[in-house]
2 protein chains.
Amino acid sequence: MQQAIAVLDSGVGGLTVVKEVMRQLPFEKILYFGDTARTPYGPRDAEEVISFTREIVDYLIQYQPKMIVIACNTATAVAMEDIRYRVNVPVVGVINPGARAAVGRTKTGVVGVIGTEGTIKSGAYDTALKRLSSRIEVVSRACPSFVPLVEDGNFRSIETFRTVSEALSPLRDPTMDCLILGCTHYPFLADCISEAMGSEVVLINSAEETARDISTILQENNEMSDVEEVPVHQFFCSGDPRKFQDIAQAWLGEQIRLTPVVWQVPHIGA
Amino acid sequence: MQQAIAVLDSGVGGLTVVKEVMRQLPFEKILYFGDTARTPYGPRDAEEVISFTREIVDYLIQYQPKMIVIACNTATAVAMEDIRYRVNVPVVGVINPGARAAVGRTKTGVVGVIGTEGTIKSGAYDTALKRLSSRIEVVSRACPSFVPLVEDGNFRSIETFRTVSEALSPLRDPTMDCLILGCTHYPFLADCISEAMGSEVVLINSAEETARDISTILQENNEMSDVEEVPVHQFFCSGDPRKFQDIAQAWLGEQIRLTPVVWQVPHIGA
């Protein structure tokens, strides 16, 4: 049996990573877990996010995946190191790939980062960028109004453009040439963000970059699928299965094999 | 002592990879070996290229590098698998990173590849691209006139533009949206190539992409330098040291610590 790549997220945002893995690595089998019953993770404290992430990893590890992908910025920021010590397979988050892409593409050395309040407060992108190169200057900003726009499916309206443009105006800097979309929801707003920032600013899509890093690591470990056919992926969610299925099918454009998961955890649904 | 990244090439072309590693991973120490006495490798048969590459790797391995980078398309195409079995550290070539970047960036699925005759004939890029995704359509072309232009320092003249434009005209295809510069010399001609192909074609610079893969693998293996200072790099060459030093200093913009190497091999300098 082909070993899968296990992708986990607090909800549906991580489907942007799934879509990119399906595009860049079409023969890799994916197991996706969306913790839709407990979304969003952003406002929760670190301890809780670590505990949720551990639960999901313990669940997915039963399927003996060859890799764990934490497709959620908040969980990557606080739980990634913990999970790396917990499992024997490579663990990939969404922050380092985006940081690496920005360092690769910037010419001016001035990189912007936008994300949820939790992600920006954690300073995880600053740390990741400076770890690669202390010469990088980071300008960051939390954009709490963006996720609701995406969840309302409101990607391209004039109102959306106005909100996006207003939120980004303090970021505008003639020397900045790269902007990291530091939240898995933001690629849905890429058109508006690009229009607001101007065409000379390259948008770094963490989903695309994470899929790229997954590809590099699988190839380096000689663990790429050798079956040349598109596999059947499997999706799990902890919340309303119908809602998840609708969103996943609309975004991925495929029939989804979905397994709703009922969590036996006292602090949810109580 | 900090473990270095060992980069080897048939001559000076691999300095494009060195420059990108210095930019993307400024705290990593580099050992570079340019086999300038036996350059170019392109017209040599595979057995000879494998034997030369082995000699250089055996030489560099004395310094206990943490990674071997084969910064030469020809050597990557024919010797990479051999070297992977020979050493206990990760071996990175220049072909997979470029292929991976193209699969990540193409929207149309039509990818162009240009390289030396040896590289194009080997079909190594086609194999690497199809290995990632059988949906990719590859259009490739050998450009034997490009390396001499670079070696003459003739990067931007009208004559260079005419030669480049003529060589690329059979490649022009309205559906192609990515072009892999499949030779370490070609980034020097990027301006002319871009003008000839049009702004809608993204040029994939293998040097930039290889540095990116190096970064991913070092981070995954937890082997990034933890010394936050720019190290002294070391350069070896088998041919004329003064000529090598001039080119390396001009390209890297730094004082180079160079160790000329005299090869005790009967078939050179005889």
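Which of the residues spanning the stretch A:1-18 are more than 11 Å from the chain's Cα centre (by Cα) and either part of a strand (DSSP E or B) or surrounded by fewer than 21 Cβ atoms within 10 Å (Cβ to Cβ) (or both)? Show your work before the answer.
We begin by selecting, within the stretch A:1-18, every residue more than 11 Å from the chain's Cα centre (by Cα); these are A:1-6.
If the condition is that a residue be more than 11 Å from the chain's Cα centre (by Cα) and either part of a strand (DSSP E or B) or surrounded by fewer than 21 Cβ atoms within 10 Å (Cβ to Cβ) (or both), then A:MET1, A:GLN2, A:GLN3, A:ILE5, A:ALA6 are the ones that fit.
State the number of residues belonging to the stretch A:192-209 that are touching a residue at least 12 places away in the same chain (Cβ under 8 Å) and in a helix (DSSP H, G or I).
Adding up the residues that qualify gives 9.
How many residues, within the stretch B:152-186, are assigned to a helix (DSSP H, G or I), buried (at least 18 other Cβ atoms within 10 Å of the Cβ) and in contact with a strand residue (DSSP E or B) (Cβ under 9 Å, 6 or more places away or on another chain)? Show your work before the answer.
We begin by selecting, within the stretch B:152-186, every residue assigned to a helix (DSSP H, G or I); these are B:158-171, B:186.
Right, trim to buried (at least 18 other Cβ atoms within 10 Å of the Cβ) and you get B:160, B:163-164, B:167-168, B:171, B:186.
Going one step further and asking which of them are in contact with a strand residue (DSSP E or B) (Cβ under 9 Å, 6 or more places away or on another chain), we end up with B:167-168, B:171, B:186.
Within the stretch B:152-186, residues that are assigned to a helix (DSSP H, G or I), buried (at least 18 other Cβ atoms within 10 Å of the Cβ) and in contact with a strand residue (DSSP E or B) (Cβ under 9 Å, 6 or more places away or on another chain) number 4.
Quick check: anything in the stretch B:35-51 in contact with a Pro (Cβ under 7 Å, 6 or more places away or on another chain) and at pLDDT 90 or above?
We begin by selecting, within the stretch B:35-51, every residue in contact with a Pro (Cβ under 7 Å, 6 or more places away or on another chain); these are none.
No, because not a single residue in the stretch B:35-51 is in contact with a Pro (Cβ under 7 Å, 6 or more places away or on another chain) and at pLDDT 90 or above.
May I ask you to list pairs of residues, at least six apart or on different chains, whose Cβ atoms are under 6 Å apart, with the first in the stretch B:23-47 being away from chain A (no Cβ under 14 Å) and the second being of a type in the set (Phe, Trp, Tyr) and surrounded by fewer than 19 Cβ atoms within 10 Å (Cβ to Cβ)?
Hits for this filter: B:LEU31/B:TYR63.
Name every residue in the stretch A:195-224 that is within 10 Å of chain B (Cβ to nearest Cβ) and either over 19 Å from A:GLN3 (Cβ atoms) or surrounded by fewer than 19 Cβ atoms within 10 Å (Cβ to Cβ) (or both), in order of residue number.
Correct list: A:ASN205, A:GLU208, A:GLU209, A:ARG212, A:ASN221, A:ASN222, A:MET224.
Closer than 22 Å to B:ARG257 by Cα and surrounded by 19 or more Cβ atoms within 10 Å (Cβ to Cβ): does that describe B:ASP58?
Working: closer than 22 Å to B:ARG257 by Cα: yes; surrounded by 19 or more Cβ atoms within 10 Å (Cβ to Cβ): no.
For B:ASP58, the condition - closer than 22 Å to B:ARG257 by Cα and surrounded by 19 or more Cβ atoms within 10 Å (Cβ to Cβ) - is not met.
State which residue is nearest to the chain's Cα centre (by Cα) when the search covers only the stretch A:79-94 and only residues that are more than 10 Å from chain B (Cβ to nearest Cβ) and surrounded by 24 or more Cβ atoms within 10 Å (Cβ to Cβ). Working first, answer last.
Step one: of the stretch A:79-94, the residues more than 10 Å from chain B (Cβ to nearest Cβ) are A:79-83, A:85-89, A:93-94.
Restricting the remaining residues to those that are surrounded by 24 or more Cβ atoms within 10 Å (Cβ to Cβ) gives A:79, A:93-94.
Details: A:ALA79: 14, A:GLY93: 8, A:VAL94: 5 Å.
Residue satisfying both the conditions and the ranking: A:VAL94.
Would you confirm, using the coordinates I've provided, whether B:VAL232 is of a type in the set (Val, Ile, Thr), more than 14 Å from chain A (Cβ to nearest Cβ) and farther than 24 Å from B:GLY153 by Cα?
Working: of a type in the set (Val, Ile, Thr): yes; more than 14 Å from chain A (Cβ to nearest Cβ): yes; farther than 24 Å from B:GLY153 by Cα: yes.
When the stated conditions are applied, B:VAL232 passes them.
Sort through B:LEU149, B:LEU189 and tell me the only one that's outside any loop (DSSP other than H, G, I, E, B), within 22 Å of the chain's Cα centre (by Cα) and modelled with pLDDT of 90 or more. It would help to see each step written out before you state the result.
Values: B:LEU149 fails: modelled with pLDDT of 90 or more.
After ruling out the rest, the residue left standing is B:LEU189.
What number of residues in the stretch B:41-54 are closer than 22 Å to B:GLN245 by Cα and surrounded by fewer than 18 Cβ atoms within 10 Å (Cβ to Cβ)?
Of the residues in the stretch B:41-54, 0 are closer than 22 Å to B:GLN245 by Cα and surrounded by fewer than 18 Cβ atoms within 10 Å (Cβ to Cβ).
Which condition number in (1) within 19 Å of the chain's Cα centre (by Cα); (2) modelled with pLDDT of 90 or more is the one that B:PHE244 fails?
Here B:PHE244 meets the rest and fails (2).
As an exercise: evaluate B:LYS66 against (1) under 13 Å from the mean Cα position of the chain (by Cα); (2) within 14 Å of chain A (Cβ to nearest Cβ); (3) not aliphatic (A, V, I, L, M) and give the number of the one condition it does not meet.
Checking B:LYS66 against (1) under 13 Å from the mean Cα position of the chain (by Cα); (2) within 14 Å of chain A (Cβ to nearest Cβ); (3) not aliphatic (A, V, I, L, M), the one that fails is (1).
Would you check if there is a residue in the stretch B:245-258 being touching a helix residue (DSSP H, G or I) at 6+ places or on another chain (Cβ under 6 Å), more than 14 Å from chain A (Cβ to nearest Cβ) and outside any helix (DSSP H, G or I)?
For the stretch B:245-258, residues touching a helix residue (DSSP H, G or I) at 6+ places or on another chain (Cβ under 6 Å), more than 14 Å from chain A (Cβ to nearest Cβ) and outside any helix (DSSP H, G or I): present.
Suppose we keep only residues that are closer than 18 Å to B:THR16 by Cβ and among the β-branched types (Val, Ile, Thr) within the stretch B:57-83. Which one would you say is modelled with the lowest pLDDT?
Applying the filter and picking the extreme gives B:THR74.
A quick yes/no check of all residues on (1) within 19 Å of A:LYS19 (Cβ to Cβ); (2) outside the structural domain of A:LEU15 (by TED's automatic domain parsing):
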residue: A:ARG162; (1), (2): no, yes
residue: A:GLU166; (1), (2): no, yes
residue: A:PRO174; (1), (2): no, yes
residue: A:HIS185; (1), (2): yes, yes
residue: A:GLU195; (1), (2): no, yes
residue: A:VAL202; (1), (2): no, yes
residue: A:THR216; (1), (2): yes, no
residue: A:GLN219; (1), (2): no, no
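Condition test on B:ILE217, is it within 28 Å of B:PHE146 (Cα to Cα) and touching a helix residue (DSSP H, G or I) at 6+ places or on another chain (Cβ under 6 Å)? Lay out the reasoning, then the answer.
Working: within 28 Å of B:PHE146 (Cα to Cα): no; touching a helix residue (DSSP H, G or I) at 6+ places or on another chain (Cβ under 6 Å): yes.
Here the answer is no, as B:ILE217 does not meet what is asked.
The values are calculated or read from the model by the stated rules, or taken from the named source; none is laboratory data. This one's a predicted model, so the numbers in the text were calculated from it and none came from an experiment. As a convention, Cβ positions derive from the backbone with ideal geometry for all residues, glycine included, and neighbour counts pool all protein chains shown.
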